[in-house]
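Each value in this text was obtained by applying a stated rule to the coordinates, not by laboratory testing. Computed from a predicted model, the values in this text were never measured in an experiment. Cβ coordinates were reconstructed from backbone atoms using ideal geometry, including for glycine residues, and neighbour counts include every protein chain displayed.
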Amino acid sequence: MKKRCEWCRNTFDQYVKYHDEEWGVPVHDEKTHFEFLVLESSQAGLSWATVLKKREGYRKAFAAFEVNTVAAYDQKMIENLIRNPSIIRNRLKIEASIHNAKEFVEIQKEFGSFDKYVWRFVNGQPIINHWKSMEEVPVTTQASDNLSKDLKQRGFKFVGSTIIYAHMQATGMVNDHTIDCFRHKELATD
């Protein structure tokens with residue numbers, strides 16, 4: 001039996017699949033970066049399990065995370081999203097996601113891609129940590145503080161350091177699988 005990070009043990013299949021196939025895998029795809037920004041900011045105050053269960057709803061509601069399409073969402077679309085039970089119906093989070101889409105596009109224009117922009121905060125390489133337990137894993141780091149601060153200065157919303165660190169973990173900018181997890185070694189050698 002495969003040994004996994006303790007946060008995904010004894011949970012539902014979708015959660016385990018996310019841990020085994022996505023969490024900590026370096027992302028260089030614009031849609032995926034935008035997807036995780038939306039999902040992580042939607043998580044604020046909630047569990048990742050709650051967000052993960054609504055992921056397909058988000059994909060439909062947010063045009064498969066086509067950032068230019070989402071950036072063009074108007075007030076009518078915001079009202080539709082607030083009534084959509086397949087996503088988290090929090091007006092501030094929904095408005096922030098649409099606002100952040102516009103800022104995301106601006107970063108793409110400035111840097112050529114969001115990917116080029118974001119990976120600069122870890123010198124273009126994943127940070128490989130060697131935690132023995134999840135209790136050791138921080139909720140923020142200097143890199144997440146710096147990225148959060150820069151995003152906020154650019155006008156992004158719901159991008160505090162904790163949310164950004166979760167984004168960094170999800171997109172493989174940081175490998176925070178514990179050393180006893182089978183994915184730690186796999187991702188440390190990729």
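Shown for the chain are no DSSP H helices, since none reaches 27 Å along its axis, judged by Cα atoms, with a mean Kyte-Doolittle hydropathy of at least 0.0.
Under Stokes-Einstein, with the Kirkwood radius over Cα pairs as Rh, the value for segment 75-175 at 10 °C and 1.306 mPa s is 106 µm²/s.
How much length is gained on full extension from ASN123 to LYS53, taking 0.36 nm per residue of separation minus their Cα-Cα distance?
In short, 21.9 nm is gained.
Which translational diffusion coefficient, to the nearest whole µm²/s, is obtained for the chain from the Stokes-Einstein equation, given a Kirkwood hydrodynamic radius over C-alpha pairs, 10 °C and 1.306 mPa s?
D = 93 µm²/s.
The length gained by stretching the chain between ARG89 and ARG9 to full extension, at 0.36 nm per residue less their Cα-Cα distance, is 26.0 nm.
Take the chain, connect every pair of alpha-carbon atoms lying under 10 Å apart with a spring to form a Gaussian network, then pick out the residue of ALA96, ALA71, ALA63 with the largest mean-square fluctuation. Ranking ALA96, ALA71, ALA63 by mean-square fluctuation puts ALA63 first. The calculated pair-distance distribution of segment 1-61 uses every alpha carbon pair, bins of 10 angstrom beginning at 0, and gives 19, 53, 26, 3 percent. If you run the Gaussian network model on the chain, springs between alpha carbon atoms under 10 Å, then out of LYS31, LYS109, LYS54 the most flexible one is LYS109.
Each label point was placed 7 Å from the Cα along the Cα-to-Cβ direction; for MET1 and LYS149 their separation is 4.5 nm.
With 30 Å as the limit on Cα-Cα distance, the pairs of LYS93/LYS185; LYS157/LYS185; LYS2/LYS116; LYS2/LYS54; LYS31/LYS93 that go past it are LYS93/LYS185; LYS157/LYS185; LYS2/LYS116.
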